[in-house]
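Heads up: the structure comes next, in structure tokens.
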Amino acid sequence: MRSHYCGQLNETLVDQTVTVCGWVHRRRDHGGVIFLDMRDRDGIAQFVVDPDTAEAFANADRSRSEYVLRITGKVRLRPAGTQNPDMPTGMIEVLAREVEVLNTAATPPFQLDEHGKVGEEVRLKHRYIDLRRPDMIEKLRLRSRISHSVRAFLEQEGFLDIETPILTRATPEGARDYLVPSRTHPGEFFALPQSPQLFKQLLMISGFDRYYQIAKCFRDEDLRADRQPEFTQIDIEASFVEERDIMAITESMIRQLFTEVLDVSLPEFPRMTWHDAMRRFGSDKPDLRIPLELTDVDDLMKDVDFKVFSGPANAADGRVAALKVPGGASLSRKVIDDYTDFVGIYGAKGLAWIKVNDRARGIDGLQSPIVKFMDGVIEDLLDRLDARDGDIIFFGADKTDVVNEAIGALRVRLGDDLELYTRDWAPLWVVDFPMFEIDGSDRLTPLHHPFTAPACTPEEFRANPASALSRAYDMVLNGTELGGGSIRIHDQQMQRTVLEILGIGEEEAQEKFGFLLDALQYGAPPHGGLAFGLDRLVMLMSGANTIREVIAFPKTQSAACLMTDAPGEVTAEQLRELNIRLRQKAQKATEAGE
């Protein structure tokens, strides 16, 4: 039906006849001459319709925004003074000879030009309209280019694209499963995969050596800007590798991707231990573009007459950390109060601070409600922080995890508010993660997943599992975890030991993971891998604020689809086929009968 896309029209086609199909982006009537800006996935071009082409003019005259047209005409240069060098098609226009209305359109619920302001709920409700916007088209085109580049790189490196099942069984991976009832096995359920983890390990045991998949994954968890109930992973696994091998391959892939797609050469990827990342930045995915660091001051606060500080300083699970902000003494009390409310979101009970107005005057040159408690330690504190006139110092004092989360988040907030970024891109590897963390019930839980290999001998691991490090590694970019991976356990007895330490007995282990445990005894090679969040990667590379902006049909933060009104109810007949009775409905029916 067409010879060209709108965005392909340029000066090289002058005097040629072209046919395009698309949507009316804008219609203007200038003294009897109608101008139509036509839009398709490749761009926007201007078409001129004169009255001397009666049928074409009549069709153009009745066309409105978002009508679907097919136009044939001759390309010509725009008259002097009307050219737009900032627009790819801005040097030419098309003199239309034929205008065919392929379909009419109702008035869209919002404008599609770059000046249109509309709430996200309206956009998601009418996503098929929202996706027509040039900005959204460009994001999804970028996503396609990224996927293509990744596939090409991995194929070149000898990886095979292998699909793994969507209907599987529930496994503990840190979030709730989406369950699918089985009609043929009454009372039993499939689970949608949180990741292809176990299947890709089985592929390594099968001898496929190098596997990848751009895989759909599902997690029923609380949602944030970078989370969705269904998301896409770039999943990679290889045999006969160590950490450095996987890290080298995936780092090369990301470097090539940024060069090809964004024409960006990423700087060095430094390596940082998990312990150092938490100590210096309060986060295991630190944004190294921000030149602020946390400093431990526990030793200085143990004997101060201020229990808010001395309590955590003397507690085994406590921490007192300071965050110096150069030039921050100019922050108003209102702004500081806003930051106090902000850290409260992360469990902090308050936010202590000291403004350094004139250090030469000693304690008299400081402004803070807490300096009266700092007698005897204030000079040591200022020396340790290299505090200077005009600085402000924020403090976190609480349990270590609360301080890390609250002050770590404050560091990122300050970097953004005060525009402290020192560069555009700051990648790094975070390594040497703990094998386990302690949950609210004082039980050990895997920091990554229970199939990650410990970085110590079996004897050392069994003697002190709580302090064991894992062979895990995360790639971080600008404060976002792009991907996480590890060397896996390939020894059956070690895998049983890890499950036992997690409180999974032999019978439960066999029930849930028997197929993996059995497979591990048949010559499982050393293997490891890494999974990238494709949605997060595209979000970063496109400059979007949320992953919803780079997914064609995303869910809301409540895991609902406003466009299709999903999730929705099903019929009683469907429930009967699945041998399911809804307790809530049964209760309402009983109440109605009463």
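Of note:
- Verdict on Arg210 being surrounded by 17 or more Cβ atoms within 10 Å (Cβ to Cβ) and under 17 Å from Lys555 (Cα atoms): no
- Any hit, the stretch 375-387, residues being outside any helix (DSSP H, G or I), modelled with pLDDT under 95, more than 30 Å from the chain's Cα centre (by Cα) and at negative phi: yes
- Scanning the stretch 405-464 for residues being hydroxyl-bearing (Ser, Thr, Tyr), closer than 30 Å to Pro526 by Cβ and at pLDDT 95 or above gives a total of 1.
- Failed item, numbered, when Asp442 is tested on (1) surrounded by 23 or more Cβ atoms within 10 Å (Cβ to Cβ); (2) part of a loop (DSSP other than H, G, I, E, B): (1)
- The helices (runs of 4 or more DSSP H) found entirely in the stretch 491-594 that carry 2 or more residues being in contact with a strand residue (DSSP E or B) (Cβ under 6 Å, 6 or more places away or on another chain) are 534-542.
- Candidates in the stretch 48-64 are the residues that are of a type outside the set (A, V, I, L, M), touching a residue at least 40 places away in the same chain (Cβ under 8 Å) and buried (at least 17 other Cβ atoms within 10 Å of the Cβ); of these, the one that is nearest to Asp15 (Cα to Cα) is Thr53.
- Subset of the stretch 114-155 that is of a type in the set (D, E, K, R) and in contact with a strand residue (DSSP E or B) (Cβ under 8 Å, 6 or more places away or on another chain) - its residue that is farthest from Gly43 (Cα to Cα): Glu155
- Note on the stretch 233-245: residues that are buried (at least 22 other Cβ atoms within 10 Å of the Cβ), in contact with a Gly (Cβ under 7 Å, 6 or more places away or on another chain) and among the β-branched types (Val, Ile, Thr) amount to 1.
- Inspection of the stretch 475-484 finds a residue satisfying the criterion of being in contact with a strand residue (DSSP E or B) (Cβ under 9 Å, 6 or more places away or on another chain), touching a residue at least 60 places away in the same chain (Cβ under 8 Å) and outside any strand (DSSP E or B).
- The set of residues in the stretch 555-572 that are under 18 Å from Phe218 (Cβ atoms), surrounded by 10 or more Cβ atoms within 10 Å (Cβ to Cβ) and small (Gly, Ala, Ser) comprises Ala559, Ala560, Ala566.
- Residues that are part of a helix (DSSP H, G or I) and closer than 30 Å to Phe515 by Cα, drawn from the stretch 152-176: Leu154, Glu155
- Count of the stretch 272-325 residues which are charged (D, E, K, R) and closer than 30 Å to Met475 by Cβ: 12
- Within the stretch 274-303, being among the basic types (Lys, Arg) and assigned to a loop (DSSP other than H, G, I, E, B) holds for Lys285, Arg289, Lys302.
So that you can scan it fast, the table gives a plain yes or no per residue for (1) at pLDDT below 90; (2) buried (at least 19 other Cβ atoms within 10 Å of the Cβ):
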position	(1), (2)
Ser467	no, no
Ser470	no, yes
Val476	no, yes
Glu481	no, no
Ser486	no, yes
His490	no, yes
Val498	no, yes
Lys512	yes, no
Phe515	no, no
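- Residue tally, condition aliphatic (A, V, I, L, M), within 27 Å of Arg210 (Cβ to Cβ) and touching a helix residue (DSSP H, G or I) at 6+ places or on another chain (Cβ under 7 Å), over the stretch 500-533: 6
- The lone exception for Thr82 - which of (1) over 41 Å from the mean Cα position of the chain (by Cα); (2) assigned to a helix (DSSP H, G or I); (3) loosely packed, with under 14 Cβ neighbours inside 10 Å; (4) not basic (Lys, Arg) it fails: (2)
The values are calculated or read from the model by the stated rules, or taken from the named source; none is laboratory data. Note that this is a predicted model, so its numbers are computed, not measured. Glycine gets a Cβ as well: all are built from the backbone with ideal geometry, and neighbour counts include every protein chain shown.
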